[in-house]
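Student: One structure, as structure tokens, below. Some questions next.
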Amino acid sequence: MSIQATELKKLKEKLASLETDSQLAQIQQKEETQKTLRMDEWIKFLEKNLTLQKPLGQTKETLWANIIDYFNDIWP
């Protein structure tokens with residue numbers, strides 16, 4: 001009977017150890033998920049701010065405004 005009790009105690013300790021390891025793995029997974037989400041947001045921010053859409057749009061507006069002013073000066 002004491003052999004069974006010893007084995008049962010070892011199994012309970014092993015189960016507790018596995019549960020602790022599982023909890024640590026879940027915490028690490030949550031941290032990695034949050035880190036990934038923050039990095040995704042940063043990448044989107046950088047892509048948005050580093051594209052040439054805004055400067056090109058402003059250049060087009062200025063160019064067309066100059067063209068229109070030029071033609072208005074020629075044909076009032």
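Quick note: the coordinates plus some simple rules give every number you see, no bench work behind them. No experiment lies behind these values; they were computed from the predicted model shown. With ideal geometry, Cβ positions are generated from the backbone for all residues, glycine too; neighbour counts draw on all protein chains shown.
Student: Treating the beta-carbon of each Lys and Arg as +1 and of each Asp and Glu as -1, no other charges, what is the dipole magnitude of the chain about its Cα centre, to the nearest 20 debye?
Tutor: Working: 11 positive and 12 negative charges, 91 e Å.
So the dipole magnitude of the chain works out to roughly 440 debye.
Student: Say the dipole of the chain comes from +1 at the beta carbon of Lys and Arg and -1 at that of Asp and Glu; which of Asn66, Ile3, Met39 then lies farthest toward its positive end?
Tutor: So the residue furthest toward the plus end is Ile3.
Student: Quick one: net charge around Gln53, please, counting Lys, Arg +1 and Asp, Glu -1 for every other residue with C-beta under 13 Å from its C-beta.
Tutor: +1
Student: What do you get for the angle between helix 2-50 and the principal long axis of the chain? Use alpha-carbon atoms, 0 to 90 degrees, nearest ten.
Tutor: On a 0 to 90 degree scale, this one is about 0.
Student: Further question: Evaluate Rg over Rh across the chain, taking Cα atoms for both radii and Kirkwood's formula for Rh. It would help to have the intermediate numbers written out before the result.
Tutor: Working: Rg = 33.0 Å, Rh = 18.9 Å.
Here the Rg-to-Rh quotient is 1.75.
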